[in-house]
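Visitor: A single structure is presented below for examination.
Every number here is computed from the coordinates shown, using simple stated rules; none is lab data. In this text, all values refer to a predicted model and were calculated from it rather than measured experimentally. Because the Cβ atoms are built from the backbone with ideal geometry, glycine has one as well, and the counts that use them run over all protein chains shown.
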Amino acid sequence: MIKDLQLYASLYNDKGLHEEIDLNQVILDLISKNAASWEPLQIIWKVGNLPHVYGRKNQVSLLFEELLTNAVKFRVEKAPHVSVSAKEFSHGWKITVADQGIGFDQAFKDNIFDVFRKLHPEDGRFEGTGIGLALCKRICELHGWEIRAESIPGKGSSFILTIPELNQSSKSC
């Protein structure tokens, strides 16, 4: 937990330069990096045509790693379905990370991003510090992005990032 808190606090001190980031490559790298623990789960991945964005690559990778890890962690007993998709709109992109997991009550959609917020019982099945989604929100804020959550208990969750045109390149791969 101390390590997670230090990471959370250190985000404001990260002076890394913004660079062009291929989100498809970020997702593929994360799936490969976590293959040893994720392959036995027989996850069904659906990754759409994602844009290139500008940001701090280490932070953007951490953001998506937290979202993908949550999608896998809060799964139902069957093989998890996880999708990452993008939709262009007039002023930027909406990137959605969606799963068909256990979901959560929409009453918690705003405070799910609070530090130490855990929505599911600590029965050993869902271990964690309650900092992951707070990290996601902070990274989004530091990049001028927005993040929100939608969910239906027992049906799954979606985390939607809104990335303004200023923070994304015109290229989509």
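Visitor: Quick one: Cα convex hull volume of the range 26-100, Å³ per residue?
Guide: Dividing the Cα hull volume of the range 26-100 by its residues yields 87 Å³.
Visitor: List the residues whose amide H sits under 5 Å from the amide H of V47, counting only those 5 or more places along or on another chain, with H placed 1.01 Å from N in the peptide plane.
Guide: V84
Visitor: Would you mind calculating the gained length between W45 and E141 on full extension (0.36 nm times residue separation, minus the Cα-Cα distance), in nm to one decimal?
Guide: 31.8 nm
Visitor: Which ordering of H81, H143, H18 is given by a fewest-first count of other beta-carbon atoms within 10 Å?
Guide: The most exposed by this proxy come first: H18, H81, H143.
Visitor: Further question: Based on the mean of other beta carbon atoms within 10 Å per residue, what is the order of 147-155, 84-92, 49-57, most packed first?
Guide: Packing proxy ranking, top to bottom: 49-57, 147-155, 84-92.
Visitor: Pulled fully out, how much extra length does the chain show between Q106 and S90, if you take 0.36 nm times their separation in residues and subtract their Cα-Cα distance?
Guide: Going from the current span to full extension adds 3.0 nm.
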